[in-house]
Every structure is written in C-alpha cells, then in structure tokens.
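**Student:** For reference, the structure I am asking about is given below.
Derivation of every value follows stated rules applied to the coordinates shown; laboratory data play no part. If you're wondering where the values come from, they're calculated on a predicted model, not measured in any experiment. We place every Cβ from the backbone using ideal geometry, glycine too, and count neighbours over all the protein chains shown.
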Amino acid sequence: MKNLFYSILLVTGVACVVASCSKGAYNANTAANANGSINPLTPLTTPDQFNWIGSGQDPMSATINGVGWKASYATWSLDTFGGNVIKGYLGGQIMYLYLNQVYQGNIYPMGYHDYLQSGSWSDSVGGAYLSYYSYYGNSGEVYITHNDSAYIQGLFYFKGITGSGQVTTVSNGYFKLNKF
C-alpha cells in the first residue's frame, strides 16, 4: 500500500513538471495587440536603449498599438507617499503613471505586480471603455531623465492588460511636466 501511494505521488509529480515546462521559451501571441513590445526576458537595461528620447512631444506622448497619441494637457502631483502622479488627457483617453520616489538617471521596472512604478491606459473614459494596467503585464519600464523641484521628465513603455486579459502595447512614451 505504501509503495502504491509513493508510485502515484511520483507519477503525479512528473506529470506536473512535464505539463508546466516551457523550456524557457518566450511565448508571444502574434495576433495580440502586444506585437512589437519589448521581450520581458530581455528588458532595456541602459539609458541609451531608450532611443526615442528626441521623439517625444510635450506634455506627454506615446505610441499605443502602433498609433501615435499626444495628450492635449497633462497634470503632475505629489502624493503623501512621495509618489509622482502623472496624468495625460486627450478627450476621454487617459494615460496615468504612478512613479514612487524616482530619481534622475535611473531606470525603474513597471511590470507584473510592480505597484511602486506603474502605468495605465484608459481608452474612452465615460463610454464603454477599458483600462489596461502595467502591473498585470510582464514588461514595462520608466527611465527618469530629469527630476528636480522645477519639472519631471522621462521615457516609458509597458504592456497593459485589462482584468479580463485584453492586451495593449504602450511604447515610445514620453513626458515632461512642470511641477508648480
């Protein structure tokens, strides 16, 4: 009886390992809106890899699923935890960044379960809209190029995912906002 129990346990364990093994491959759904997003297994690691530095438009801009987007206006505020709250608006669309205690010249992750630095994109607030969150996705970063008492500036990208699994890609992100 004891040997039967151990045999069942061994077979179940081997089956679980075989079923969950992906051999380290990065599996991307080519039909998803996430095409062209940065591979989460090889994120950007140096400032020079954020090579869209000259292509941004004030106050905030990005490419969303391959289509250019530029905020008509944007706001900055500081919350009680030291987080920079940045919101860009274009009609009913909102780009939202939360950047907690970020400093000039540093790269910060904005991916899965990272709530200290995160981004979201809402496509049509006030209508039948979807919000896509970086902390549900598996890639995203922000590079802070300037942060002092006068203004904050940076570059970002992330894969945003809704609670129901729909995907969007935010790339070539840029912001430059006066603080006061």
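**Student:** Looking only at residues that are among the small types (Gly, Ala, Ser) and part of a strand (DSSP E or B) in region 63-81, which one is nearest to residue 115 (Cα to Cα)?
**Tutor:** The selected residue is 77.
**Student:** What number of residues in region 67-99 are in contact (Cβ under 8 Å) with a residue 60 or more places away in the chain and closer than 17 Å to residue 170 by Cβ?
**Tutor:** Of the residues in that region, 5 qualify.
**Student:** From the list 180, 175, which one is over 14 Å from the mean Cα position of the chain (by Cα) and in a strand (DSSP E or B)?
**Tutor:** 175
**Student:** Determine, yes or no, whether residue 117 is among the polar types (S, T, N, Q) and within 21 Å of residue 168 (Cα to Cα).
**Tutor:** For residue 117, the condition - among the polar types (S, T, N, Q) and within 21 Å of residue 168 (Cα to Cα) - is met.
**Student:** Which members of region 85-133 meet the condition of being outside any strand (DSSP E or B), under 11 Å from the mean Cα position of the chain (by Cα) and either among the β-branched types (Val, Ile, Thr) or over 24 Å from residue 179 (Cα atoms) (or both)?
**Tutor:** 111, 112, 113, 114
**Student:** Given the condition surrounded by fewer than 19 Cβ atoms within 10 Å (Cβ to Cβ), aliphatic (A, V, I, L, M) and more than 25 Å from residue 44 (Cβ to Cβ), answer yes or no: does some residue in region 147-166 qualify?
**Tutor:** Yes.
**Student:** Is there a residue in region 100-110 that is free of Cβ contacts under 8 Å to residues at least 60 places away in the same chain and under 13 Å from residue 159 (Cα atoms)? Spell out how you get there, then give the answer.
**Tutor:** If we filter region 100-110 for residues that are free of Cβ contacts under 8 Å to residues at least 60 places away in the same chain, which is where we start, we get 100-106, 108, 110.
Add one more test, that the residue is under 13 Å from residue 159 (Cα atoms), and what stays is 110.
So far as region 100-110 goes, yes, one or more of its residues are free of Cβ contacts under 8 Å to residues at least 60 places away in the same chain and under 13 Å from residue 159 (Cα atoms).
**Student:** Out of all the residues in region 56-65, is one or more over 20 Å from residue 165 (Cα atoms), surrounded by fewer than 17 Cβ atoms within 10 Å (Cβ to Cβ) and small (Gly, Ala, Ser)?
**Tutor:** No.
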